[in-house]
Amino acid sequence: MRLYLVRHGQTAWNAEQRAQGHSNIPLDPIGLRQAEQLGRRFADVQIGLVLSSDLLRAQQTAMPVVDSTSASFEEMRELRERGFGDWEGEYFPGIADRWPVMEAEQGVDRLHIRPPNGESFADVWERLGAVVDRLWWEERDTVVVTHGGACALLLARLTHGNLETSRSFRFANSSVTVLERRPEGQFLILEYNDVSHLERGQALSGSVDGSAAR
């Protein structure tokens, strides 16, 4: 079974470095073009299933793939990005300035910090367990369309890494990471963060927290 892990296309908030979380932000014009290019990338690939986050930016990215492959389509709420709670819409540089204070106040590292009314990375790690369980047993070649942070956490889980492992991954908007499930059940990474289907220089890269990689 082949698995194609896709981060959604660009939104205005991606370009502005704002935390989106569960806010239902649509793709911007660049993101819509990226989704079209993504659909063409899969035109000659045999895909049986497309799984998508239920947020609009992921759905808009997924539909050109569904259209070009005639694959079955399902939404999974578990594929949502981390909920940033009261911080949604704020700029990542300002959020980053709060981490050291919150780490000291809560006595945990930033992977376990919850924004007010939001989720920690550890919470999303647990939430993605339902997706991982589904993918261990899925026989159809599958495209999963989700978000930058969720991509990193999901890839870490699928390759038997840990929560900290997720900080090693970066995903550009509309990038494709290809994995193959071996007979023994291990997922092997065949391609990572591929953007060759996009116009040169078009894709912004994001870290596990959704901010741009530096």
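The values are calculated or read from the model by the stated rules, or taken from the named source; none is laboratory data. Keep in mind it's a predicted model, so treat the numbers as computed, not measured. Neighbour counts run over all protein chains shown; Cβ positions are idealised from the backbone, glycine included.
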Does any residue of region 78-91 turn out to be outside any loop (DSSP other than H, G, I, E, B), at pLDDT 95 or above and either farther than 24 Å from R18 by Cα or within 16 Å of the chain's Cα centre (by Cα) (or both)?
yes
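Might you let me know whether region 32-49 holds any residue that is touching a Lys or Arg at 6+ places or on another chain (Cβ under 8 Å) and either modelled with pLDDT under 95 or on the phi > 0 side of the Ramachandran plot (or both)? Walk me through how you get there before you give the answer.
The initial filter retains those residues of region 32-49 that are touching a Lys or Arg at 6+ places or on another chain (Cβ under 8 Å), namely 47-49.
Remaining after also requiring either modelled with pLDDT under 95 or on the phi > 0 side of the Ramachandran plot (or both): none.
No.
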Reported set for region 1-31 where residues are out of contact with any Cys (no Cβ under 9 Å at 6 or more places or on another chain), buried (at least 16 other Cβ atoms within 10 Å of the Cβ) and among the aliphatic types (A, V, I, L, M) is M1, L3, A19, I25, L27, I30
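Would you check which residues across region 1-26 are within 25 Å of V131 (Cβ to Cβ), out of contact with any Ser or Thr (no Cβ under 6 Å at 6 or more places or on another chain) and outside any loop (DSSP other than H, G, I, E, B) and list them?
Here is the first cut: in region 1-26, the residues within 25 Å of V131 (Cβ to Cβ) are 1-11, 13-14, 19-26.
So of that shortlist, the ones also out of contact with any Ser or Thr (no Cβ under 6 Å at 6 or more places or on another chain) come out as 1-2, 4, 6, 10-11, 13-14, 19-24, 26.
Residues satisfying the conditions are R2, Y4, V6, T11, W13, N14.
Is there a residue in region 96-110 that is in contact with a Leu (Cβ under 7 Å, 6 or more places away or on another chain), within 28 Å of R18 (Cβ to Cβ), in a helix (DSSP H, G or I) and aromatic (F, W, Y)?
Keep residues of region 96-110 that are in contact with a Leu (Cβ under 7 Å, 6 or more places away or on another chain), which gives none.
Checking region 96-110: not a single residue is in contact with a Leu (Cβ under 7 Å, 6 or more places away or on another chain), within 28 Å of R18 (Cβ to Cβ), in a helix (DSSP H, G or I) and aromatic (F, W, Y).
Please verify whether E105 is at pLDDT 95 or above and out of contact with any Phe, Trp or Tyr (no Cβ under 7 Å at 6 or more places or on another chain), treating the condition exactly as stated.
Numbers: at pLDDT 95 or above: no; out of contact with any Phe, Trp or Tyr (no Cβ under 7 Å at 6 or more places or on another chain): yes.
So E105 does not fit the description; no.
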Has region 107-123 got at least one residue that is out of contact with any strand residue (DSSP E or B) (no Cβ under 8 Å at 6 or more places or on another chain), under 22 Å from R80 (Cβ atoms), surrounded by 12 or more Cβ atoms within 10 Å (Cβ to Cβ) and acidic (D, E)?
yes
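Please verify whether region 87-101 includes one or more residues that are within 17 Å of F171 (Cβ to Cβ) and buried (at least 21 other Cβ atoms within 10 Å of the Cβ). Walk me through how you get there before you give the answer.
Just the residues of region 87-101 that are within 17 Å of F171 (Cβ to Cβ), to begin with: 92.
Keeping just the survivors that are buried (at least 21 other Cβ atoms within 10 Å of the Cβ) gives none.
No, every residue in region 87-101 fails to be within 17 Å of F171 (Cβ to Cβ) and buried (at least 21 other Cβ atoms within 10 Å of the Cβ).
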